[in-house]
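Visitor: Sharing a structure, written as structure tokens. Questions coming.
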Amino acid sequence: MDLARPPAPNPGRAPGGVVGPGVGALPSAYGSSRHRSRRRGGEGGSRSHSKTKKIVQLRVMVAVLLVLLTAVTVAAITFWSRVDVLGSEALSLSTDLSYAQKELDKARELMRQQENEISAMLARRIPGLSQIAFDTLFNANDKYLRKLTFSQSGVGADKGIEFHAVLENKGSGPLVPDVRIILFDRMGIQVGMVKIDRHHASNPQAAAELSAQETRTYTGPVVADSGVEPRYFLVQVK
């Protein structure tokens, strides 16, 4: 009679069906180790990618800063070059202005000399000729003419010349005044004249003659030719 053989012992199981630390436990430990290795590899790759991204960002920032620095440098060079050019131009203009001012002063001095020569020539040709000066008192003291002044009246190109005269009769009898004011241009050509009469008196209703010891003021325009500037005057007292 054959006796049944007992089952071969399972190396991976302990008696009673409990799995022991046999060969069957090795695959589980190996899988856990491989999982941890993959996880460490993933973390290392993530850190490496992050570092690479930061390096790229830093390089971009450095490139942008270099571009900005280059632009600022070029702008500064252009600005200071322009300032240097403007400084040179300003110096040149200042030199030209100084030269022009000197030439203008020379021209003015020459004109003054010519005016003086013309005035001297006219004074020899027309005795008693004087240059017109506004709001300046001329002490005539010619017979009964005591004082004479000129002023301007009107607006712009329509300005005219007015005279203000003081006549005084120091005689013992009446006197009919006969005073003429003649205007001349810069070349000594007559351009206007006025004869003082009672219509120019401060009191137009006064008599034509001056009474003995009477003093009277006269005011009126001296009409000159249109577009001509009077420069000299002559007073005739008869």
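Visitor: Select from segment 216-229 the residues that are among the hydrophobic types (A, V, I, L, M, F, W, C) and either surrounded by 14 or more Cβ atoms within 10 Å (Cβ to Cβ) or not in a loop (DSSP other than H, G, I, E, B) (or both) and list them in ascending order.
Guide: Val222, Ala224, Val228
Visitor: Next question. In segment 111-127, is there at least one residue being touching a helix residue (DSSP H, G or I) at 6+ places or on another chain (Cβ under 8 Å), assigned to a loop (DSSP other than H, G, I, E, B) and closer than 16 Å to Tyr232 by Cβ?
Guide: Within segment 111-127, none of the residues are touching a helix residue (DSSP H, G or I) at 6+ places or on another chain (Cβ under 8 Å), assigned to a loop (DSSP other than H, G, I, E, B) and closer than 16 Å to Tyr232 by Cβ.
Visitor: Taking interchain pairs and intrachain pairs at least six residues apart, which have beta carbon atoms under 6 angstrom, with the first residue in segment 181-202 and under 22 Å from Glu115 (Cβ atoms) and assigned by TED's automatic domain parsing to the domain that holds Leu148 and the second in a strand (DSSP E or B) and hydroxyl-bearing (Ser, Thr, Tyr)?
Guide: Hits for this filter: Phe184/Tyr232.
Visitor: While we're here: Which condition breaks for Gly154 when tested against (1) modelled with pLDDT of 90 or more; (2) under 46 Å from the mean Cα position of the chain (by Cα)?
Guide: Of everything listed in (1) modelled with pLDDT of 90 or more; (2) under 46 Å from the mean Cα position of the chain (by Cα), Gly154 misses just condition (1).
Visitor: Still on this structure, please answer the following. Does segment 218-232 contain any residue that is over 47 Å from the mean Cα position of the chain (by Cα) and under 18 Å from Asn141 (Cα atoms)?
Guide: Yes, segment 218-232 has at least one match.
Visitor: Something else now. Can you tell me which residue among Thr73, Thr52 is at pLDDT 85 or above and among the β-branched types (Val, Ile, Thr)?
Guide: None of the others qualify; the one that does is Thr73.
Visitor: Among what's in segment 128-138 and is touching a Phe, Trp or Tyr at 6+ places or on another chain (Cβ under 8 Å) and outside any loop (DSSP other than H, G, I, E, B), pick the residue that is nearest to Gln236 (Cα to Cα).
Guide: The qualifying residue nearest to Gln236 (Cα to Cα) is Ser130.
Visitor: Can you name every residue in segment 186-215 that is in contact with a helix residue (DSSP H, G or I) (Cβ under 9 Å, 6 or more places away or on another chain) and either buried (at least 17 other Cβ atoms within 10 Å of the Cβ) or closer than 25 Å to Arg125 by Cα (or both)?
Guide: Of everything in segment 186-215, those that are in contact with a helix residue (DSSP H, G or I) (Cβ under 9 Å, 6 or more places away or on another chain) and either buried (at least 17 other Cβ atoms within 10 Å of the Cβ) or closer than 25 Å to Arg125 by Cα (or both) turn out to be Arg186, Met187, Gly188, Val194.
Visitor: If you check Val72 against the conditions, is it over 31 Å from the mean Cα position of the chain (by Cα) and more than 30 Å from Leu234 (Cβ to Cβ)?
Guide: No.
The values are calculated or read from the model by the stated rules, or taken from the named source; none is laboratory data. Remember, it's a predicted structure, so these values are computed and weren't measured experimentally. Cβ: placed from backbone, ideal geometry, glycine included. Neighbour counts: every protein chain shown.
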